[in-house]
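Sharing a structure here in structure tokens format.
Just so you know, all these numbers are worked out from the coordinates, no wet-lab data involved. Remember, predicted model here, so these are calculated numbers, not experimental data. Don't worry about glycine lacking a Cβ; one is built from the backbone with ideal geometry, like all the others, and counts go over all protein chains shown.
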Amino acid sequence: MTYSLNTLNDKRGANVAARPGWARFTDEFGLALGLVALVFWLLALFSYSSQDMAWSTSGAGGPLRNRGGQLGAWLADLSYFLCGFSIWWCVVAGLR
């Protein structure tokens, strides 16, 4: 297999115009929103209690123990139901 001598010399990069400010802002805003969602998910997973009323359990009827509230209880329960304790690999991938 042979390659052209200019295969590794990318000349397109020099002609590409800089992205407008709003495009960069939306990218960074999306990253910040993703970080907030990831922190909420971590909070919900760390404070998971099987006695909370959630997706797969009816709960014990007591107060919520999940720090994320009802949404956090549902999110953590659904995460553990779908992936078990392997959900932490998804968290690691999200942090990456």
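Which of the residues spanning segment 81-96 are touching a helix residue (DSSP H, G or I) at 6+ places or on another chain (Cβ under 6 Å) and under 20 Å from W55 (Cα atoms)?
Answer for segment 81-96, where residues must be touching a helix residue (DSSP H, G or I) at 6+ places or on another chain (Cβ under 6 Å) and under 20 Å from W55 (Cα atoms): just I87.
Right, next: Select from segment 35-63 the residues that are touching a residue at least 40 places away in the same chain (Cβ under 8 Å) and of a type outside the set (F, W, Y) and write down the one among them that is surrounded by the fewest Cβ atoms within 10 Å (Cβ to Cβ).
Checked segment 35-63; the qualifying residue surrounded by the fewest Cβ atoms within 10 Å (Cβ to Cβ) is L38.
Further question on the same structure: Considering only segment 64-80, state which residues are surrounded by fewer than 17 Cβ atoms within 10 Å (Cβ to Cβ) and closer than 10 Å to D52 by Cα.
R65, G69, Q70
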